[in-house]
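A.B. asks: The structure under discussion is supplied below as structure tokens; questions concerning it will follow.
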Amino acid sequence: MRESDEQRCYNELANAIVIQAVDDYRKTDNDNVMARKSIEKFFKSGWFKLLTDTDSTYLIEQLRQEKETDYPITENRITRQMSISL
């Protein structure tokens with residue numbers, strides 16, 4: 001079944017919100033724990049669950065590992081975990 005244009009727009013918006021949160025997390029300074037905790041709170045929120053079926057625990061673990069190693073995970077590894085359309 002073909003996705004309606006309206007549904008596609010909602011999916012694109014949901015995807016953009018999640019990707020922006022990931023980008024914001026990546027841009028935090030290592031000593032800015034409060035900012036990272038705030039974004040992690042979003043990842044654990046009901047709103048995040050409404051936007052995507054992505055496993056927030058897995059996402060947070062991957063982003064923390066990225067911060068520790070200074071080795072960015074690819075966007076594909078994150079979006080592959082998402083249940084929303086690109």
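A.B. asks: Test each condition in (1) surrounded by 15 or more Cβ atoms within 10 Å (Cβ to Cβ); (2) closer than 15 Å to ALA14 by Cα; (3) of a type in the set (S, T, N, Q) for THR28 and report the one that comes out false.
C.D. replies: (2)
A.B. asks: OK, next. Given THR74, THR52, THR79, which one is within 25 Å of ASN11 (Cβ to Cβ), at pLDDT below 90 and in contact with a helix residue (DSSP H, G or I) (Cβ under 8 Å, 6 or more places away or on another chain)?
C.D. replies: Numbers: THR74 fails: in contact with a helix residue (DSSP H, G or I) (Cβ under 8 Å, 6 or more places away or on another chain); THR52 fails: at pLDDT below 90.
Going through THR74, THR52, THR79 in turn, the sole match is THR79.
A.B. asks: Considering every residue within the range 14-25, establish whether at least one is of a type outside the set (Phe, Trp, Tyr), part of a loop (DSSP other than H, G, I, E, B) and over 14 Å from LYS67 (Cβ atoms).
C.D. replies: Step one: list which residues in the range 14-25 are of a type outside the set (Phe, Trp, Tyr), which gives 14-24.
Subsequent filtering for residues that are part of a loop (DSSP other than H, G, I, E, B) retains none.
No, there is no match, as no residue in the range 14-25 is of a type outside the set (Phe, Trp, Tyr), part of a loop (DSSP other than H, G, I, E, B) and over 14 Å from LYS67 (Cβ atoms).
The values are calculated or read from the model by the stated rules, or taken from the named source; none is laboratory data. Predicted model, so just to flag it, every value in this text is computed and none were measured. Quick reminder, even Gly has a Cβ in these numbers, built from the backbone with ideal geometry, and neighbours come from all protein chains shown.
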